[in-house]
Structures are given as structure tokens and as C-alpha cells.
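Participant: First the structure, which I've put down as C-alpha cells, then a few questions once you've had a look.
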């Protein structure tokens, strides 16, 4: 029997329908999308079929290339870009590095970043380019948020790249991308966004936010496998970026991929100029199905659902007197909920004995979550429901008492 068309499923029934497609959401109280997403039955089946094709030598690039086309089309649809602007990568880090290494850096250039709130993968590479005489302008956060106005003010005529996460992995607040993007556009700087904590869960329009390049992976909100990512680059930036790695897949040619047409070559005019050899085809197969499911369900509905559940959890935990992190403005709230004092602990435990006791009780009751920089972190997607929220609150209540 075919699965119901999610476009006609009422909003109230969406999570029930989606939950039925994700066994992990029924096996666990799964609230750890900030670290790793889960995959649907359809995505798993697509990956198995691809592996079986290799196993029986019944697969070719010509046969599976439509899966790659589907991924680019669906990712572009999700972020309001164009498929020609999408390249396949292995992960967020590769996407960020592809852009960073495609810039012809000059001494006196600068990069603007809120290093304290970025994942390490969007920090180390900028300090590495200092060897070219590049200044890293690390802008302090404000009230736990990336200070968009301060980043915008730090941009000048020598700023080559300004970068920010769409949602910080801790404390999980949304960034005012538009303010940064407009300032970058005014100065001719490239605005590079790490979108991994929002793609597939929250609405993100690359054009409305004046984004020039966006890196993400399929391992979190896009509900695919680890080892696959996407890099979106705005069309008018593509000719200005010279990839550090050169592969046949990124060259403008017309013949078979194994042929050398001319040693006087040009890079492909599309984002595929950043692609290096064969992609993760198993990941591609899973991602094609996952992206279709997300787009059919509708990112607007997914966002509304995830935000509502996150707010219910915040209110419930605040009612127990727990230190739930909130941004200075409601606009910055996301599907991620964090509890504790940022920096008071690490990725294994917090400095708060009560929170550690809650964490232990949650693990005992098969709740999947994470601890990052001393904060308990919970994340919601379309397969979560009110029962997931109530379970966490109930367990926390028993510990606090």
C-alpha cells in the first residue's frame, strides 16, 4: 500500500504520519537531531537498493545519476536556490573549506566571524588563512546570540568573507542572517553560512537573507546519512571562485567523464566545479528520498511543528526551576532547546549535579539527547510529538523532587 500523500494530511496528523515512517522515533524518544538525524524507511530502502546494485554489478553512473539530479533539485527547492548552484560534498567542513580555499587571499584582507558561537569546523580554517596575512575579526556574542549588527559593522572594503551559522549548535539560537547578508552585499564581501542546524527543519531562503554560499550536510535535519553534504553558491559568485581541487567532474567538457578533451580547460560554469570525483552514492540515494519527503511535508509545516514542541519543552522545564536558555528576542528561538550554563562543562557532563542527574535518568529511559559545552541539548523535527516533550518533563520532575 502506498504511503499517504503528506500534502493532504492535516497539520494535526503530520507528526503521526511521519513518525510511522521513522522506526528510530518509535524505538527511542529521539531528541538528538542537533547531533545526528534519523532516516525513514524509504531512505533506508533507497540506500539498500543502491548497495544491492553494487553487489550484483547492476548499477552504472548513467543509471544512478538521476538520483544526484533529484538531490540538487530538491535541495535547491528547499532553500529557494537553483539546482545549478548546488554541488555535492562530503560534509559541512568540506563545503566551508571549498569556499575558503577558492579565494585568492591577499595580505591585509580580513574575515569576520563570531568564533565563540561557531562550531570548531567554522573556526579553525579561518585562523589557518592567517598565514596569508589575513586578519580574523572575531566578534563577541551578545546575550548568547551571534551579534548580527556587530558583525555587519565589522565588515569593510577588505572583508573577503563574513561567515555565520544559521542556528548555533549551542545555545541553539537563530542568527539574524539578513542583517549580516545585506552588509556583506553592500561591501562586496562573500556571505558564507553554515546551515546544518537549520536545513530541513527551519525555513531558510538564501536570497531573502542575501546569502552567497551555504554549506550543509545530510546527517542532521536533512534526515540522510553521514558522509554527504551540499554546497550552494550563488550564480554570480561561481566565476569568481577558483577551486583548490581539480577533478574531471568539475571541468567544463562535453564528452565521457573518462576522456581528456583539452589540457587548456575551464572550470564548469555551475557549482559542480567544486565536485571531486565520485560522490557518496549510497548517501545520495538516501538523500534523494529524504529531501523529497521533507519538501512534500512542507518546510513551513515542519518548522511550525518543531518550534511549538520546543517551546512546550522550554515552558515545562522552566516550570521546574531549571535554567533554560532563552535568547534576547523571540525571533532567535529555534527547534533546539538547551539547559544549563554555557561553558560550565563539556560534551560529556555539566557542572550542575542536578542536570547530570537528569541526564542520567533520561539515558536510563531511552531518551536520546546530547550535551554540548555543558548544556543539555534537545532538538525537534517532524517525527516528534507531545509525548516526547512530556516524557522529558516527567523524568526531570522526578529528579528535581
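Participant: Taking the Cα-to-Cβ direction at residue 57 and at residue 253 and moving 7 Å from each Cα, how far apart do the two end points lie in nm?
Facilitator: Roughly 2.5 nm, to one decimal.
Participant: Before anything else, pin down the relative contact order of segment 50-294: Cα pairs under 8 Å, at least 6 apart, normalised by residue count, whole percent.
Facilitator: It comes to 25 percent, rounded to a whole number.
Participant: I need the calculated FRET efficiency for the pair residue 208 and residue 104, taking r as the beta carbon distance and R₀ as 30 Å, to the nearest 0.05.
Facilitator: 0.55
Participant: Now, a different point. I need the shape label for segment 26-80. Rule: rounded when a/c is under 1.5, else prolate if a/b > b/c, else oblate, with a, b, c from the alpha carbon gyration tensor.
Facilitator: oblate
Participant: Suppose the chain between residue 320 and residue 80 were pulled fully straight at 0.36 nm per residue; how much longer would it get relative to their current alpha carbon spacing?
Facilitator: Gain on extension, residue 320 to residue 80, equals 82.3 nm.
Participant: How big is the antiparallel share of DSSP beta bridges in segment 50-294, given as a percent to the nearest 5?
Facilitator: 45
Participant: Which FRET efficiency value, to the nearest 0.05, is calculated for residue 156 and residue 130 with the Förster distance at 22 angstrom and r the Cβ-Cβ distance?
Facilitator: 0.80
Participant: Go through 268-278, 118-128 and give me the packing order, highest mean Cβ count within 10 Å leading.
Facilitator: Values: 268-278: 19.8, 118-128: 17.4.
Output ranking for 268-278, 118-128: 268-278, 118-128.
Participant: Sort the following peptides by mean Cβ neighbour count (other Cβ atoms within 10 Å, averaged over residues), highest first: 135-144, 388-397.
Facilitator: Most protected by this proxy first, the peptides run 388-397, 135-144.
Participant: For residue 263 and residue 13, what does the FRET efficiency come to when R0 = 56 Å and r is the distance between their Cβ atoms, rounded to the nearest 0.05?
Facilitator: 0.40
Participant: Here's another thing I want to ask about it. Using the Cα gyration tensor of segment 255-333, with a ≥ b ≥ c the square roots of its eigenvalues, what is the shape: rounded (a/c below 1.5), prolate (a/b larger than b/c) or oblate (neither)?
Facilitator: prolate
Participant: Further question on the same structure: Could you order peptides 217-223, 96-102, 242-248, 292-298 by the average number of other Cβ atoms within 10 Å of their residues, highest first?
Facilitator: Values: 217-223: 27.4, 96-102: 21.7, 242-248: 14.6, 292-298: 19.0.
With the highest mean Cβ count within 10 Å placed first, the list reads 217-223, 96-102, 292-298, 242-248.
Participant: Alpha carbon centre of segment 191-252 versus segment 111-152: separation in Å?
Facilitator: If you average the Cα positions of each part, the centres end up 19 Å apart.
Participant: Now for a different question. Considering only 155, 260, 251, give the residue with the highest GNM mean-square fluctuation for the chain, with springs between Cα atoms whenever their separation is below 10 Å.
Facilitator: 260
Participant: Where a ≥ b ≥ c are the square roots of the eigenvalues of the C-alpha gyration tensor, would you call the chain rounded, which needs a/c under 1.5, or, failing that, prolate if a/b is larger than b/c, or oblate?
Facilitator: On the way: a/c = 2.04, a/b = 1.22, b/c = 1.68.
In terms of gyration-tensor shape, oblate.
Just so you know, all these numbers are worked out from the coordinates, no wet-lab data involved. All figures in this text were calculated on a predicted structure; none of them were measured in a lab. Ideal geometry is used to build each Cβ from the backbone, glycine not excepted, and the neighbour counts take in all protein chains shown.
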